[in-house]
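Worksheet for the structure shown next.
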Amino acid sequence: MPPSPLPDVPTIQLVLASASPARRTTLRAAGIEPLVVVSGVDEDLAVAEATERYGPLEPGDIALLLARAKAEDVAARVDQAAVVIGCDSVLELDGEVHGKPTDADEAVSRWRRMRGRSGVLHTGHWLVDDRGPGGATLGATASTTVHFAKLSDEEIDAYVATGEPLAVAGAFTIDGLGGAFVTAIEGDHHNVVGLSLPLLRELLADAGVEWFDVVGGVGTAQG
């Protein structure tokens, strides 16, 4: 028998609290058409306030803190019953936390440290069930070890000149131009893109939402 067709419209709308095209593409490839609502969170301020209150934060905790801030900010502004997922990614290298480079010089410097070595990409995921009173709010962090190729100075300069490293946490992608510079990963590759589908499924299940409640027919159109 042929597989049952996916519904054209999901039972529950998933809202993505992120402007990341890669996260949206990951969801769409899995059959989920998210409603994208970008948060207004000041990330530096949120981390500074948390550090002042709790002391130094671990890299994975920073990613989860920001994911929660984004999800809760968007959930407070969405005017429909939905489930909101917020994500944030940071790269841990030598115990230090790295988000998006501030400029090309920082991206070049970081890549000269990263080449031929390994780092850990932490992505915080926070889910808010905004469908009514008593909805769940929960989260977790997925971590993936990334092994980088030994790039020459010329390759680093050329890659940074494309502008891609300036737009992403860790100054690299695995699904774009930077894919040629990642030799191996240990863990969920979706997490390196910025959203772990297995972890999202687990969070939805913990909130009482089945995976196919948020899936629509969009994924069937992609060969």
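Which of the following residues is of a type outside the set (D, E, K, R), modelled with pLDDT of 95 or more and touching a Leu at 6+ places or on another chain (Cβ under 6 Å): GLY86, GLY119?
GLY119
Among the listed residues VAL192, VAL146, VAL215, VAL128, which satisfies the condition of being more than 30 Å from ASP94 (Cα to Cα), among the hydrophobic types (A, V, I, L, M, F, W, C) and touching a strand residue (DSSP E or B) at 6+ places or on another chain (Cβ under 8 Å)?
VAL128
In region 159-174, what residues are surrounded by fewer than 22 Cβ atoms within 10 Å (Cβ to Cβ), of a type in the set (Phe, Trp, Tyr) and part of a loop (DSSP other than H, G, I, E, B)?
none
If you take the residues in region 77-86 that are outside any strand (DSSP E or B) and in contact (Cβ under 8 Å) with a residue 12 or more places away in the chain, which one is surrounded by the fewest Cβ atoms within 10 Å (Cβ to Cβ)?
Checking each candidate, the answer is GLN80.
Would you point out which residue out of THR11, THR26 is assigned to a loop (DSSP other than H, G, I, E, B), of a type outside the set (A, V, I, L, M) and either modelled with pLDDT of 95 or more or more than 26 Å from GLY179 (Cβ to Cβ) (or both)?
THR11
Which condition number does ALA169 fail, the rest of (1) within 25 Å of ALA29 (Cβ to Cβ); (2) at pLDDT 95 or above being met?
(2)
What are the residue pairs meeting all of these: first residue in region 87-103, first residue polar (S, T, N, Q), second residue surrounded by fewer than 20 Cβ atoms within 10 Å (Cβ to Cβ) and outside any strand (DSSP E or B), Cβ atoms under 6 Å, and 6 or more apart or on different chains?
No pair meets every condition.
The values are calculated or read from the model by the stated rules, or taken from the named source; none is laboratory data. Computed from a predicted structure; not experimentally measured. Heads up, the Cβs are rebuilt from the backbone with ideal geometry, glycines too, and the neighbour counts pull from every protein chain shown.
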